[in-house]
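Here's the structure we're looking at; comments come further down.
The values are calculated or read from the model by the stated rules, or taken from the named source; none is laboratory data. Keep in mind the model is a prediction, meaning the values are calculated, not measured. For neighbour counting, all protein chains shown are included, and Cβ atoms are generated from backbone atoms with ideal geometry for every residue, glycine included. Calculation scope for accessible area: heavy atoms of the full protein, side chains included, ligands and nucleic acids excluded. Shrake-Rupley method; radii C 1.70, N 1.55, O 1.52, S 1.80 Å.
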Amino acid sequence: MKKKLFLFMLAATTIMALSNCKDNKRSHADDLDDEDDVELTDADEEEDGDMEAGLPERADITFSTKVLCQEDDDPDFQNIADSIIVRADLGNGEMWVTGCSAEPLDTTAWRGFGDISEKDINFDGYPDLQVCRGPVNSYGNFTYAAWLWDNERREFVRVQGYEDLFDPELRSGNKTIYSSFRMDDHEDNAVYGWENGKLTMLSSETVVYSELEDE
């Protein structure tokens with residue numbers, strides 16, 4: 001029986017059409033769109049009894065990212081981020097590959113694209129994967145894609161809606177994630193939690209600083 005791991009993979013034709021901006025690498029020892037499901041199988045057949053032994057251990061997995069830029073003849077637009085490829089070395093001779101879109105800003109002027117973090121996003125005791133998609137504006141407002149580690153199935157699962165959070169702050173005390181978006185004198189704050197395994201907004205508020213000054 002073949003061991004099955006699921007991955008999200010950008011089409012090869014798209015990758016060939018884009019230029020490479022930079023690589024990012026980080027191991028598990030550090031800070032602990034529209035994809036299609038693709039099946040990755042072993043090159044060799046395995047017996048059912050060896051299935052569990054062949055699955056990856058979370059601590060053995062290391063990550064790297066590659067930022068891809070838009071293809072454009074205009075030199076002023078050749079460094080605009082387009083997408084990010086994420087690769088995970090499973091430590092057993094296999095590679096898990098996924099990807100996400102990037103904020104369309106100049107990678108030579110803006111930072112953060114493809115940065116990797118392995119914090120416990122859903123507070124289950126296992127480090128997950130968070131990849132920076134870049135900032136939205138000069139206030140920061142960094143956005144991210146995230147994948148949760150399913151320790152029972154020994155695979156990563158994409159977190160739907162995580163890209164909607166800005167500068168996510170993990171609060172392990174009450175197992176929530178704080179999101180804050182700033183634009184001019186407006187600041188939108190939201191608190192997210194996990195309900196039945198899904199990321200859910202629990203509360204939100206908007207602060208207008210000019211109104212606070214008038215009080």
**Report entry** Inverse mean reciprocal Cα-Cα distance (Kirkwood Rh) of the stretch 69-215, Å
**Finding:** 17.0 Å
**Report entry** Summed side-chain charge close to Phe156 - residues other than Phe156 whose Cβ falls under 10 Å, Lys, Arg +1, Asp, Glu -1
**Finding:** +1
Query raised in the report: How far is the Cα center of the stretch 105-126 from the Cα center of the stretch 164-215, in Å?
Result: 18 Å
Query - Relative contact order, percent, the stretch 71-183 [alpha-carbon distance under 8 Å, six or more residues apart] - result: 16 percent
Report task. Just need the Rg to Rh number for the stretch 54-152, please, alpha carbons only, Kirkwood Rh. Result -> 1.05
**Report entry** From phi via Karplus (6.51, -1.76, 1.60), per-residue ³J(HN,Hα) for the stretch 81-95 in Hz, x at Gly/Pro
**Finding:** 4, 10, 7, 10, 9, 10, 10, 10, 7, 6, x, 10, x, 10, 10
Query raised in the report: Using the eigenvalues of the Cα gyration tensor, what equivalent ellipsoid semi-axes result for the stretch 141-215 when each is taken as the square root of five times the eigenvalue, whole Å, largest first?
Result: 30, 13, 9
Requested in this report: Over the stretch 77-125, with every protein chain in place, what whole percent of the accessible area is carbon and sulfur at 1.4 Å, could you tell me?
Outcome: 47 percent
Query raised in the report: What list of ³J(HN,Hα) values in whole Hz, one per residue of the stretch 184-189 in order, does the Karplus curve 6.51 cos²θ - 1.76 cosθ + 1.60 (θ = phi - 60°) give from phi, with Gly and Pro shown as x?
Result: 6, 9, 9, 9, 9, 10
Report task. List the residues whose amide H sits under 5 Å from the amide H of Asp115, counting only those 5 or more places along or on another chain, with H placed 1.01 Å from N in the peptide plane. Result -> Cys132
